[in-house]
Amino acid sequence: MDISGLYLAEFVTRWLHVLAGIVWIGHLYFFNFVNGNFQKTLDAETKKKVVLELMPRALFFFRWGAMITFLLGLVLLYFVYLQPGHTRSLMSPPGFWIMIGIGFGTIMWFNVWFIIWPSQKKIINGLKTANPAPPNVVSLAANASKLNTYLSFPLIFCMLAGPHFPFFSIYWAIGILAVAFGMAWAMYKIGVSVSTNV
């Protein structure tokens, strides 16, 4: 592939990566900032109808948005930093922030596919069969979703501010403090949520 073809491939991959990320994080924010409070206002029968119709559709876009974002992120990592002869290095300040962002993104992707989605399947199946999922399954899904919400803030910081604004790349300490604050806040909120559900 010639250089123009590589640039085009990188451009298309980056655009699709961002689009899939919007779908993923948009649904994440919907679940945590809109749907959770809305569900509390519903009576049992209405809640059952809403969950059985809404959640499978929303979770489809949520989990596949996460998967496509994750996979295209790996392809983009190759195009930008790893392909032979490329001048950009993961040891540079932008590469440093990208690698931290990849770490957060990987944790969030794992939570979606191996904690949130399996738990939600049990919750939805429990409503269908009138055999509710155990409370710990509901808490596990909610806590993993909350963690992803809090991790999304340092993730976006690392992916956008670090590589594209020299101020953040030069003064690493500011970015590190932002990431550390995001992690500390996430762990604090998870701890509070777990303690109130015990």
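Residues A186, A178, A161, A141: which one is assigned to a helix (DSSP H, G or I), of a type outside the set (D, E), modelled with pLDDT of 90 or more and in contact with a helix residue (DSSP H, G or I) (Cβ under 7 Å, 6 or more places away or on another chain)? Sole residue among the options that is assigned to a helix (DSSP H, G or I), of a type outside the set (D, E), modelled with pLDDT of 90 or more and in contact with a helix residue (DSSP H, G or I) (Cβ under 7 Å, 6 or more places away or on another chain): A141.
Applying the condition of being closer than 15 Å to N148 by Cβ and polar (S, T, N, Q) to the range 115-130 and asking which residue is surrounded by the most Cβ atoms within 10 Å (Cβ to Cβ) yields Q120.
Looking at I107, I98, just one residue is within 28 Å of F31 (Cα to Cα) and modelled with pLDDT of 90 or more, and that residue is I107.
Does any residue of the range 64-85 turn out to be aliphatic (A, V, I, L, M), loosely packed, with under 15 Cβ neighbours inside 10 Å, over 23 Å from V179 (Cα atoms) and in contact (Cβ under 8 Å) with a residue 60 or more places away in the chain? Taking every residue of the range 64-85 in turn, none turns out to be aliphatic (A, V, I, L, M), loosely packed, with under 15 Cβ neighbours inside 10 Å, over 23 Å from V179 (Cα atoms) and in contact (Cβ under 8 Å) with a residue 60 or more places away in the chain. If you go through the range 113-127 and pick out every residue that is among the charged types (D, E, K, R) and under 11 Å from P56 (Cβ atoms), you end up with 1.
Residue pairs whose Cβ atoms lie under 7 Å apart, separated by 6 or more positions or on different chains, with the first residue in the range 23-51 and closer than 15 Å to R63 by Cβ and the second β-branched (V, I, T), are W24/T69; L28/T149.
Apart from one condition, A133 fits all of (1) within 17 Å of the chain's Cα centre (by Cα); (2) farther than 30 Å from Y7 by Cα; (3) of a type in the set (G, A, S); the exception is (1). Looking at the range 164-175, which of its residues are assigned to a helix (DSSP H, G or I) and at pLDDT below 70? Residues satisfying the conditions are P166, F167, F168, S169, I170, W172, A173, I174, G175.
Looking across the range 32-50, just one residue is closer than 21 Å to S145 by Cα and of a type in the set (G, A, S), and that is G36. If you scan the range 86-104, which residues turn out to be in contact with a Gly (Cβ under 6 Å, 6 or more places away or on another chain) and surrounded by 15 or more Cβ atoms within 10 Å (Cβ to Cβ)? Across the range 86-104, the qualifying residue is only W97. When residues in the range 20-50 are screened for being out of contact with any helix residue (DSSP H, G or I) (no Cβ under 7 Å at 6 or more places or on another chain) and farther than 26 Å from L76 by Cβ, 14 of them pass.
The values are calculated or read from the model by the stated rules, or taken from the named source; none is laboratory data. This one's a predicted model, so the numbers in the text were calculated from it and none came from an experiment. Heads up, the Cβs are rebuilt from the backbone with ideal geometry, glycines too, and the neighbour counts pull from every protein chain shown.
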